[in-house]
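Report on the structure given below.
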Amino acid sequence: MSARSLILYLLVVAACCGWSSCLAADVVDLESGWEYRWGDSPFTPEGVPLWTHDDASGRWSSIGFPSNPPGRGSQTNVWFRATLPDGSWRDPVLYVFSVDLIVEVYLEGRRIYRFGHFGAQGEGRFEGWPWHMIPLPVDCAGKRVYFRVFSDYMDIGLWGRIRVMERVDLLLGVVRSSIERLVIGGFSFLIACLSLFFGFLSRERLSFTTLALFSLASGCMVLSGSQINLLVIDRPLLWDYMGAIGYFTIPIAMAFLLDRWLRPMRAPLVGLVWRFHLFYLVGALALSWTGMVSLADTYPVFDACFAISLALLLIPAVHVAVHGNNDQKAILAAHAILSLLLLLDMAVAHGLIPWVEVPVAWGALAFSLAVVIVSLRYYACTQVALQALNLSLEQEVRRRTAALARLVSRERRRARMLEVESGKRAELERLLSDLQGCKEMEEAVSSLPQWLSAFCHPLAGAYYRLDKDAGNYRLQASWLDASRSGIPSLVPVCESAGILTVDRHWRLPLRYEDPRYGECELGVLWLRIPDERGRADSDEDTEWLSLIELGLEKIGLVLSQHCLHGELRRLSYEDGLTGIKNRRFLDDMFSREASLAARHERPLSVIMCDVDHFKRFNDTHGHAAGDRVLRRVAEILSGVFRQTDLVCRYGGEEFTVVMPGTRLEDCRQRAEELRQGIETESFEYEGCPLGSVTISVGIASWPEMAVAPEMLIVIADQALYRAKRAGRNRVESY
């Protein structure tokens, strides 16, 4: 289970058990003291907005709530500020229900939160309508918080509710408030499946399909508005697209359903409504996906069209309410409730009435319940007919089953050998193809239990892998009825090299060829011989045994190939003298690390070091002693640096270290540790001391040095020569 899933699970448990009441601290609504200022603040070279330090009280105006200040005109940027209240918080956060459209939050001139990306002119694009959890320092009381907002939408500023509270209380509140939407959304999806099912059984297939579409749209709309979504997948725009699809689909489904019910009356206006909304759905999503318009800008147009459509559908809806059947009246009433709630939500969104959370989810639930009632009535009617049909079908099935059983009994023994020979050989070829498609030996070995269980079907069995340290085989997998066939969890190592038959079991070893160690045993395969087989089936047992033995032999060949390829890869990247990576490995990996550093703006450092006077050392002590020194230097290098650093022999007595994510000062400190470690090391060869050895080190780092990351090795080499010219046994930077 991932960390996010575990946290989410604990939050759900806490919310359901009512722990929030035990953990609750101060929750303060920021409902007063707000000020606003049109335009955008200039910034210092360090990125600090001047408006957060320039009091200029005369340029700030008071406002009751930080949303849609007067005198906007063509303005797209506005700043809001307020003083954070007093409170005893351990982990305070600022909760904002929503923002139109993107926002940056500053405290004491330092940016503490950002949603969206501001351009050079303070502009940005729509990236969704999520809720916001802004972390605050513990000593935030009495400090001013500043909001930088950009919006080219009809609304600008903050929206909904703004609170200061504990982080855990906010998360628990989010989970608790989302349970209702999760339950109703899931119920709507269930109703959609139920409608499709009854549509398949009923003659009113198209009507039930339309009800399923309506339930599916309602479920998408309800689930997309659940605040817990962002704790699971932090993609606000994804959820907004899901909500837009559901919201834009509702008038299509309802108008299409009315069109079906009024088909004898020939109401062309209803058909025109659902066709128009279908065209709007496709067009709005296509334009927003291609970036031609913002998804936010499609909502006001749709709201106006939706309100007009409801008015146009009122007359045919009244006709259905008067002349329709009970099922149609129930569904129409539920849709009326949902439409009323959507109109209220629309009025809140456009500021026609004060902000309040409209329970749209309950409207979706009412519609889903209406569909359940209709579906249950159809279910009751179909059950009566199905019961009579089942009685006759059962008798026919019993008669035909008995005849088929007799036929199968006669043909099974004759066809078994053919099935074994044709099916298993084809399955073996697929298994070998999958094994050959694995990139490494370990990937192939870890997948063996699954492949072997499919290959050995229908024989019960188990696969054991050799544990050389424990001196036995450990169970890796068992299949079919292996748990009742007496197969143990541990099997001792057997001296026999071939196939054994033990207690009605076959024991077959799995071997492969290692380039360094010769023939190696990977594990054993145990298969149970079915008890019902008698002596007459000995030929079939032999065929099974031959096929499985052939399969293990071919699997061993494929594993030998993987082992050989792995050894070749190791030899091609490993320096034969020191055992660390070689120049070829460095050339392959450095370009990748340089590209990642440039792409993600992540620091990158390179160390080039060279053993001082190594030629003179070889002339004095001999090349064998020099090789011993190089191996020891490589060991010290591997011990000083992290596993994520790339330690390579560059050539001769020169070594290179690539340090991803490391800045210049950290690189210099680590290089100095390396220099001191080698200087204080006592080198010996065959019991004779070799004297002290020193190294010269050159370092280079990006972005501290104004060069491209790809040039770090070149300038680190230049820094190395600078260290040599300066007297050796030192660390120099470019």
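The values are calculated or read from the model by the stated rules, or taken from the named source; none is laboratory data. Values in this document were obtained by computation on a predicted structure and should not be read as measured data. Note that each Cβ is placed from the backbone with ideal geometry, even for glycine, and that neighbours are counted across all protein chains shown. The protein model used for the area step is the full one, side chains on, heavy atoms only, and it has no ligands, DNA or RNA in it. Shrake-Rupley method; radii C 1.70, N 1.55, O 1.52, S 1.80 Å.
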> Condition test on Phe208, is it open to solvent by less than 40 Å² (accessible area, probe 1.4 Å), touching a helix residue (DSSP H, G or I) at 6+ places or on another chain (Cβ under 7 Å) and not hydroxyl-bearing (Ser, Thr, Tyr)?
Replying inline: yes
> So which residues in segment 592-609 are crowded, with 18+ Cβ neighbours inside 10 Å and charged (D, E, K, R), if there are any at all?
Replying inline: Glu593
> Mind checking whether some residue in segment 658-671 is within 38 Å of the chain's Cα centre (by Cα), of a type in the set (Ser, Thr, Tyr) and under 24 Å from Glu574 (Cα atoms)?
Replying inline: no
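Yes/no matrix, rows are residues, columns are (1) surrounded by 12 or more Cβ atoms within 10 Å (Cβ to Cβ); (2) out of contact with any strand residue (DSSP E or B) (no Cβ under 9 Å at 6 or more places or on another chain); (3) modelled with pLDDT of 75 or more:
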site	(1), (2), (3)
Leu418	no, yes, no
Ala426	no, yes, yes
Arg430	yes, yes, yes
Ser433	no, yes, yes
Lys439	no, yes, no
Ala444	yes, yes, no
Ser447	yes, yes, yes
Gln450	yes, no, yes
Phe455	yes, yes, yes
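Condition check: crowded, with 20+ Cβ neighbours inside 10 Å, of a type in the set (Lys, Arg) and modelled with pLDDT of 75 or more. Does Arg181 satisfy that? Give the steps one after another, and end with the answer.
On the way: crowded, with 20+ Cβ neighbours inside 10 Å: yes; of a type in the set (Lys, Arg): yes; modelled with pLDDT of 75 or more: yes.
Taking the combined requirement at face value, the residue satisfies it.
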>> Let me spell it out: the conditions are (1) farther than 30 Å from Cys520 by Cβ; (2) modelled with pLDDT of 80 or more; (3) not polar (S, T, N, Q), and Ala462 meets all of them except one. Which number is the exception?
In response: (1)
> Among the residues of segment 721-734, how many are in contact (Cβ under 8 Å) with a residue 24 or more places away in the chain and over 44 Å from the mean Cα position of the chain (by Cα)?
Replying inline: 6
>> List the residue pairs whose Cβ atoms are under 9 Å apart, where the first residue sits in segment 516-529 and is in contact (Cβ under 8 Å) with a residue 12 or more places away in the chain and under 14 Å from Leu559 (Cα atoms), the second is hydroxyl-bearing (Ser, Thr, Tyr) and open to solvent by 10 Å² or more (accessible area, probe 1.4 Å), and the two are 6 or more positions apart or on different chains.
In response: Glu521/Tyr512; Leu522/Tyr512
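Among the residues of segment 220-253, write down those that are part of a helix (DSSP H, G or I) and either polar (S, T, N, Q) or touching a Ser or Thr at 6+ places or on another chain (Cβ under 6 Å) (or both). Talk me through it step by step, then tell me what you get.
Quick first cut of segment 220-253, residues part of a helix (DSSP H, G or I) only: 220-224, 229-232, 236-253.
If the condition is that a residue be part of a helix (DSSP H, G or I) and either polar (S, T, N, Q) or touching a Ser or Thr at 6+ places or on another chain (Cβ under 6 Å) (or both), then Ser224, Asn229, Trp239, Met242, Gly243, Thr249, Pro251, Ala253 are the ones that fit.
Residues are listed down the side, and each one gets a yes or a no for (1) touching a strand residue (DSSP E or B) at 6+ places or on another chain (Cβ under 8 Å); (2) at pLDDT 90 or above; (3) more than 25 Å from Phe97 (Cβ to Cβ):
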residue: Met1; (1), (2), (3): no, no, yes
residue: Ser5; (1), (2), (3): no, no, yes
residue: Leu11; (1), (2), (3): no, no, no
residue: Ala15; (1), (2), (3): no, no, no
residue: Val27; (1), (2), (3): yes, no, no
residue: Leu30; (1), (2), (3): yes, no, no
residue: Gly33; (1), (2), (3): yes, no, no
residue: Pro49; (1), (2), (3): yes, yes, no
residue: Asp54; (1), (2), (3): no, no, yes
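What do you reckon, is Ala286 assigned to a helix (DSSP H, G or I), among the hydrophobic types (A, V, I, L, M, F, W, C) and either open to solvent by less than 20 Å² (accessible area, probe 1.4 Å) or modelled with pLDDT under 80 (or both)? Please lay out each step first, then the result.
Details: assigned to a helix (DSSP H, G or I): yes; among the hydrophobic types (A, V, I, L, M, F, W, C): yes; either open to solvent by less than 20 Å² (accessible area, probe 1.4 Å) or modelled with pLDDT under 80 (or both): no.
So Ala286 fails the test.
Working only within segment 610-629, note down all residues that are in contact with a Lys or Arg (Cβ under 8 Å, 6 or more places away or on another chain) and of a type outside the set (D, E, K, R).
Taking segment 610-629 and keeping what is in contact with a Lys or Arg (Cβ under 8 Å, 6 or more places away or on another chain), we get 610, 612-613.
Once the filter is applied, which keeps residues that are in contact with a Lys or Arg (Cβ under 8 Å, 6 or more places away or on another chain) and of a type outside the set (D, E, K, R), segment 610-629 yields only His613.
Within segment 128-173, which residues are part of a loop (DSSP other than H, G, I, E, B) and within 29 Å of the chain's Cα centre (by Cα)?
At the first step, the residues of segment 128-173 found to be part of a loop (DSSP other than H, G, I, E, B) are 128-131, 136-143, 151-156.
Hits for segment 128-173 are Gly128, Trp129, Pro130, Trp131, Leu136.
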>> For the list (1) modelled with pLDDT under 90; (2) within 20 Å of Ile715 (Cβ to Cβ), I need the number of the one condition that Val606 fails.
In response: (1)
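Would you mind finding the one in Asp327, Asp303, Asp297 that is acidic (Asp, Glu), modelled with pLDDT of 70 or more, open to solvent by less than 30 Å² (accessible area, probe 1.4 Å) and in a helix (DSSP H, G or I)?
Numbers: Asp327 fails: modelled with pLDDT of 70 or more; Asp297 fails: open to solvent by less than 30 Å² (accessible area, probe 1.4 Å).
The match here is Asp303.
Specify the residue that is nearest to Asp139 (Cα to Cα); the eligible residues are those in segment 96-127 that are touching a Ser or Thr at 6+ places or on another chain (Cβ under 6 Å) and in a strand (DSSP E or B). Before you say what the answer is, go through the steps one by one.
Here is the first cut: in segment 96-127, the ones touching a Ser or Thr at 6+ places or on another chain (Cβ under 6 Å) are 100-101, 106, 109, 126.
Still in the running and in a strand (DSSP E or B): 100, 106.
Numbers: Asp100: 29, Tyr106: 15 Å.
Only one residue fits best here, namely Tyr106.
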